[in-house]
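In what follows, a structure is listed as structure tokens, so that the remarks can point back to it.
The values are calculated or read from the model by the stated rules, or taken from the named source; none is laboratory data. Please read all numbers here as calculations on a predicted model, not as lab measurements. Reconstructed Cβ throughout: ideal geometry from the backbone, glycine too, with neighbour counts over all protein chains shown.
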Amino acid sequence: MSVIDVRNLGKTYRTIEKEGGVKGAIKALFRPQYREKVAVHDLNFQIDAGEIVGYIGVNGAGKSTTIKMLTGILYPTTGAVTVLGHDPQRERVANARNIGVVFGQRSQLWWDLALIESLNLVANIYEVEPSRYKQLLSHFSEVLELDEILKTPIRSMSLGQKMRAELAAAFIHEPKIVYLDEPTIGLDVMVKQRIREFIKDYNQTHNTTVMLTTHDLGDIEQLCSRVIIIDAGSKVYDGPLHAIKQQFGKYRTITFETNQPITNVQLPPACEQLSLSEYSLELKFDRSQLSASQVATALMQQIDVADFTLNEPDLESIIKHLYQNPTAYNEVAVNE
Amino acid sequence: MNKLAYRLRIYRSVVGMNIKEMLAYNLWFWSQLGAHLFLTIVYVSFWKALYSERETIAGLTMQQTLTYIILARMIAPLVQWGYTQEFGYWIREGTISSELLRPVDFQERIFIGHLTRTFVALAQQLLVTGSFAVLVFDIRLPTDPLIWLSFLISLLLGCSILFCFDWIFGCVAFYSTEVWGLQVVRGSILMLFSGVLLPLTMLPSGLQTLAQWMPFAQSVSIPVSLLSGITPLDQLGSIWLQQLAWLAVMLMLSRLMFNFSVRKITVQGG
Amino acid sequence: MLRYSKIYWYFVVQRFKILMEYRLNFFIGSISTVLFQGASIIAMWAVLRQVPSIQGWTLEQILLIYGLLTLSKGINHLFADNLWVIGRDYIRPGQFDRFLVRPINPLFHLLADRICHDAIGDFIVGFGLVGYAMVKLQLPITLASISFIILMVISGGIIFIALNLITAATAFWIMDSIPVTNLVFSTNEFAQYPLTFYHRSVGILLTWLLPYGFASYYPASYLLGHSIGWMAWLAPLIALVSITIAYRFWVFGLKHYGSTGS
């Protein structure tokens with residue numbers, strides 16, 4: 001059963017074009033010139049309970065706009081969003097009870113208050129039952145290692161401490177859906193790992209739905225079973241993580257090292273030379289037409305191979321390739 | 001000679017920058033001006049009501065008092081808030097150490113910038129509030145250029161004295177975390193004893209004496225009394241002498257205080 | 001309602017804790033407000049001691065007006081000071097969004113987020129002046145007069161909040177609303193003296209358009225026994241109408257924010 005239902009969602013910003021000076025300001029007041037910018041265009045997807053979905057794309061692709069519409073901050077221009085049966089804008093309060101939000105670079109907590117006071121306030125706002133609150137607090141303290149910072153005001157926390165605090169505040173009312181906007185940005189490896197484990201653990205024990213935007217593919221690889229890629233406001237990929245590799249990463253590379261200088265090599269079909277130096281040869285081949293052993297066999301008959309390495313395309317390079325070559329999206333059918 | 005030209009070039013750019021900065025906040029400017037105009041109307045109405053009871057108060061006629069009040073109101077925003085907050089900011093953010101490395105004396109540069117802003121604001125005030133006062137309140141401003149000239153010189157001296165006071169105040173204030181509160185305290189004292197609210201001769205004699213021993217009257221009461229005709233021009237010599245004496249003392253104190261504070265900062269490595 | 005008062009109480013307690021952490025700041029904050037008002041009052045006294053009255057108003061009577069205005073202003077200062085900075089401190093840095101993802105009214109959240117204790121200074125000055133004037137003028141201090149004053153001060157406070165709410169909501173369009181608030185708010189200075197001191201148009205402005213007059217001049221006139229008829233009792237109605245209009249405008253602004261997002 002889907003908990004988030006997005007249909008034909010679109011958002012167009014209309015900004016008034018201003019000329020400088022008093023004259024321009026007056027002109028803008030009486031005869032405004034509008035400029036339209038499409039931020040999100042005809043977006044469709046459903047997310048089921050318990051899924052962890054990575055929502056990725058380059059800066060300005062429309063990620064934040066989508067999240068803002070899902071959380072009820074922004075009104076859509078076209079289409080509709082339904083979150084657990086609620087319209088997030090019209091039933092803002094009802095929707096807010098079901099969701100938790102972390103905006104990576106903006107604090108949800110009170111600058112001057114000690115973390116425990118902030119959490120108390122949040123618990124009050126969401127009407128968390130006191131005994132349940134106590135239970136959750138001790139659980140979070142353990143998993144997120146909050147004990148040392150419970151009495152610290154947010155203003156004097158390090159980035160990693162702040163993010164752990166934010167997560168505790170976002171989960172303390174046991175939301176059914178959590179939106180995480182860049183939850184690991186700027187953090188060191190250890191903290192990143194702890195946060196990922198926390199999210200994963202919480203998702204498994206509570207069947208909480210998580211939607212996460214990130215630029216860190218480590219987050220995606222470790223957490224997300226499903227990825228939605230958005231580019232220029234439109235969805236360009238929606239499917240399981242491993243399918244990205246299969247669909248976009250159809251080329252593998254193989255590198256041969258030799259003891260004698262390489263001369264005159266005859267390449268098998270569907271195979272392409274990437275680089276050649278005296279003792280090393282790098283080839284690229286289409287995995288759907290050739291296997292690695294076929295390539296290796298063909299080459300070993302011609303040159304004296306001392307060693308060879310086979311490279312699977314990693315997610316990072318695939319995504320980078322996709323971001324840089326928008327036409328590459330057309331190479332696969334979008335998984336609907 | 002070359003050095004002087006170099007300095008003048010720098011001053012010109014400081015002046016230009018400050019004017020640009022002021023004009024950039026359009027909405028702010030109009031809002032402040034409007035609020036200021038409202039308050040001027042409040043004051044003028046109050047004094048008019050007061051003079052409906054009597055011909056003169058403390059020896060001043062309505063025309064004299066109203067002229068004084070309106071001019072004092074125009075100068076008030078120039079002196080009311082000072083620059084203590086900026087001062088605290090320079091010190092806390094550590095910009096002061098890089099400021100001190102520049103070739104032109106720090107205090108001098110800030111002074112030029114401050115003075116520019118003060119006089120640009122004065123010009124704006126004279127243009128808007130001044131013309132409003134002349135048209136609506138029937139205030140007669142002096143036409144004798146000599147009076148205007150002596151007013152401007154006296155105001156320049158007064159603003160310099162206040163600048164030095166604020167410099168000392170800033171050096172003290174940055175030890176406190178509550179700069180805003182201290183600034184309100186400064187503003188309150190200044191409001192009463194500078195002559196922004198009323199001609200100082202209307203205060204009871206005890207408060208008048210107190211006002212004489214504070215530097216604030218030099219920047220508002222003295223120049224405005226000249227322009228509004230309360231003080232006759234033949235006292236000009238003694239007035240300027242008095243202002244110069246104040247300036248010399250305050251300038252010396254401000255340099256001493258600043259050097260002391262800077263040493264303290266550098267020692268603390270702040 | 002109960003839920004909201006409980007949450008509000010929590011905010012108050014937290015504020016108090018912060019305050020205790022910075023006791024010196026609190027002290028300076030309150031003292032500075034008192035001093036600032038004190039300077040104006042001393043000046044007024046210095047002038048008025050030279051004449052018996054202005055247009056029939058004595059110093060004590062004017063202080064009563066001034067005191068009532070200060071109390072109303074204090075209510076606004078205490079509960080709604082955050083309206084001043086909504087653009088600068090919340091909308092511009094993106095902090096306003098967090099109010100919209102929480103299950104409570106965003107306006108309530110904004111106001112509760114910073115209760116301004118500096119207002120204590122206003123209350124000290126206001127109570128002092130009203131008390132002094134009442135005693136000096138030998139006005140009856142009875143349950144009826146005290147209830148009247150409380151009702152009028154609360155109405156006046158709501159009028160202040162309403163006008164600031166309208167100007168604060170402009171932040172949804174222009175971001176930096178402080179100059180707008182500053183301009184409208186500054187007109188309350190007219191209400192520190194009897195409205196009869198001014199040109200007729202100022203009286204009309206301060207009664208019907210920016211009704212600060214109901215926070216000071218009208219209730220003071222009633223207490224002093226001037227015959228102003230039903231105008232003495234209009235303040236609560238005016239307060240209700242203003243706050244309704246202001247809230248409507250706020251909601252309208254919030255809708256606009258929802259379609260632009262910044």
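Please give the number of the condition C:Ser221 fails out of (1) in contact with a helix residue (DSSP H, G or I) (Cβ under 6 Å, 6 or more places away or on another chain); (2) crowded, with 19+ Cβ neighbours inside 10 Å; (3) among the small types (Gly, Ala, Ser).
(1)
Quick one: count up the residues across segment C:25-78 that are closer than 20 Å to C:Pro219 by Cβ and assigned to a helix (DSSP H, G or I).
23
Only one of (1) at positive phi; (2) modelled with pLDDT of 90 or more; (3) not charged (D, E, K, R) is not met by B:Gly269, so which one is it?
The failed condition is (2).
I'd like the residue in segment A:63-113 that is at the interface with chain C (Cβ under 7 Å from one of its Cβ atoms) and polar (S, T, N, Q) and, out of all such residues, is surrounded by the most Cβ atoms within 10 Å (Cβ to Cβ).
A:Thr71
Looking only at residues that are of a type in the set (Ser, Thr, Tyr) and assigned to a helix (DSSP H, G or I) in segment C:7-22, which one is farthest from the other protein chains (Cβ to nearest Cβ)?
C:Tyr8
What's the number of the condition A:Thr255 fails, among (1) of a type in the set (Val, Ile, Thr); (2) without any contact (Cβ under 8 Å) to a residue 12 or more places away in the chain; (3) not assigned by TED's automatic domain parsing to the domain that holds A:Gly186?
(2)
Among the numbered conditions (1) touching a Gly at 6+ places or on another chain (Cβ under 8 Å); (2) over 30 Å from C:Phe197 (Cα atoms), tell me where C:Tyr4 comes up short.
Every listed condition holds for C:Tyr4 apart from (1).
Output the strands (runs of 3 or more DSSP E) that fall wholly within segment A:179-298 and possess 1 or more residues being crowded, with 20+ Cβ neighbours inside 10 Å, or say none.
Fully inside segment A:179-298 and qualifying: A:209-213, A:226-231, A:234-240, A:251-258, A:280-286.
Within segment A:58-173, which helices (runs of 4 or more DSSP H) (wholly inside it) include 1 or more residues that are assigned by TED's automatic domain parsing to the domain that holds A:Gly186, in contact (Cβ under 8 Å) with a residue 40 or more places away in the chain and touching a strand residue (DSSP E or B) at 6+ places or on another chain (Cβ under 7 Å)?
A:63-71, A:92-98, A:159-171
Kindly establish whether C:Met134 is at positive phi and either in contact (Cβ under 8 Å) with a residue 24 or more places away in the chain or β-branched (Val, Ile, Thr) (or both).
No; evaluated as a whole, the condition is false for this residue.
With respect to C:Val180, is the statement that it is modelled with pLDDT under 95 and over 25 Å from C:Leu129 (Cα atoms) true?
yes
Just need a number here: residues in segment B:29-79 that are small (Gly, Ala, Ser), more than 18 Å from the chain's Cα centre (by Cα) and more than 9 Å from chain C (Cβ to nearest Cβ).
Selection size over segment B:29-79: 1.
Out of all the residues in segment B:138-154, which are of a type outside the set (D, E, K, R) and either part of a loop (DSSP other than H, G, I, E, B) or at positive phi (or both)?
B:Ile139, B:Leu141, B:Pro142, B:Thr143
Pick from segment C:84-108 the residues that are surrounded by fewer than 17 Cβ atoms within 10 Å (Cβ to Cβ) and basic (Lys, Arg): which of them is farthest from C:Val184 (Cα to Cα)?
C:Arg92
Output yes when any residue across segment B:198-220 is within 11 Å of chain C (Cβ to nearest Cβ), touching a residue at least 40 places away in the same chain (Cβ under 8 Å) and assigned to a loop (DSSP other than H, G, I, E, B), and no when none is.
Within segment B:198-220, one or more residues are within 11 Å of chain C (Cβ to nearest Cβ), touching a residue at least 40 places away in the same chain (Cβ under 8 Å) and assigned to a loop (DSSP other than H, G, I, E, B).
Counting only residues that are over 16 Å from C:Leu69 (Cβ atoms) and more than 14 Å from chain B (Cβ to nearest Cβ), how many does segment C:149-167 have?
Number of matching residues: 2.
Does C:Asp81 count as within 27 Å of B:Arg73 (Cβ to Cβ) and in contact with a Cys (Cβ under 8 Å, 6 or more places away or on another chain)?
yes
Can you find, within segment C:23-52, the residue that is farthest from C:Cys116 (Cα to Cα) among those that are at the interface with chain B (Cβ under 8 Å from one of its Cβ atoms) and out of contact with any helix residue (DSSP H, G or I) (no Cβ under 8 Å at 6 or more places or on another chain)?
C:Pro52
Which of the residues that make up segment B:168-178 are buried (at least 20 other Cβ atoms within 10 Å of the Cβ) and either over 23 Å from C:Gln37 (Cα atoms) or modelled with pLDDT under 85 (or both)?
B:Gly170, B:Cys171, B:Ala173, B:Phe174
Is segment C:114-125 home to any residue that is within 21 Å of A:Arg106 (Cα to Cα) and either away from chain A (no Cβ under 14 Å) or in a loop (DSSP other than H, G, I, E, B) (or both)?
Yes, there is a match, as at least one residue in segment C:114-125 is within 21 Å of A:Arg106 (Cα to Cα) and either away from chain A (no Cβ under 14 Å) or in a loop (DSSP other than H, G, I, E, B) (or both).
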